[in-house]
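Everything on this sheet refers to the single structure shown next.
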Amino acid sequence: MRHVFGSDPDIDVVGASGDPRARAIAELRPDVVLLDPDALDIQIEAAIEACERSSPQARICILSSDHRPRSMQRALGAKADAYIAKDTSPAHLCEIVHVVAGGESYADPRIAGAMLRRRSARSGEAGDLSSREFEIVRLIADGLSNREIGNRLTLSEKTVKNHVSHILAKLKVSARSGVAVYAVRNGLVN
């Protein structure tokens, strides 16, 4: 990881530990903590809680090889700020760390999209979202841009943009990246 982040001049690796309960986390006061549940000998929920206690200002990213939607939901439900698949490219991993450090959330679109597709197959809408908005949420979680969503649904880019604005307002999130995370945390998907 030091090599991956060493390629980005705006990311400073301040430390590494195999235990999220380590005192070093509190002493180093990191902006972002990257947890690998595959390497932990405690449950992910306990690891997140330990990080929150040690460094409450830190944003918590889970970097996992587990692509099961249930695992993502558990991590985000335990208040992780991001769930990142280990097969993410190094450049994209750096981008995600910047996004999370800036206060946004992130959910791997492949995993979040699978969760939303399953939910969509069972129900046409979720909460206050219309069926069209729910469909757009699913496509946002798949990582599609407004233009790509418009092409897929045969809508104008402006119409998609209006739908996205309504979705953000209804879900009370400030950015597209928060849509999938919100959906997972609030039980809109399984």
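The values are calculated or read from the model by the stated rules, or taken from the named source; none is laboratory data. This one's a predicted model, so the numbers in the text were calculated from it and none came from an experiment. Don't worry about glycine lacking a Cβ; one is built from the backbone with ideal geometry, like all the others, and counts go over all protein chains shown.
Counting only residues that are out of contact with any Leu (no Cβ under 8 Å at 6 or more places or on another chain), among the aliphatic types (A, V, I, L, M), within 21 Å of residue 98 (Cα to Cα) and part of a loop (DSSP other than H, G, I, E, B), how many does the range 1-27 have? Residues that pass the stated criteria total 3. Among the residues that make up the range 58-68, is at least one of them within 18 Å of the chain's Cα centre (by Cα) and among the polar types (S, T, N, Q)? Within the range 58-68, one or more residues are within 18 Å of the chain's Cα centre (by Cα) and among the polar types (S, T, N, Q). Listed by first and then second residue, the pairs linking a residue in the range 1-18 that is in the same structural domain as residue 100 (by TED's automatic domain parsing) to a residue that is among the acidic types (Asp, Glu), with Cβ atoms under 6 Å apart and 6 or more places separating them unless they lie on different chains, form an empty list.
Of all residues assigned to the range 152-171, at least one qualifies as being modelled with pLDDT under 90, out of contact with any Pro (no Cβ under 6 Å at 6 or more places or on another chain) and among the charged types (D, E, K, R). Scanning the range 123-140 for residues being modelled with pLDDT under 75 and surrounded by fewer than 19 Cβ atoms within 10 Å (Cβ to Cβ) gives a total of 5. The numbered conditions (1) modelled with pLDDT of 85 or more; (2) buried (at least 23 other Cβ atoms within 10 Å of the Cβ); (3) among the hydrophobic types (A, V, I, L, M, F, W, C) are all true for residue 116 except (1).
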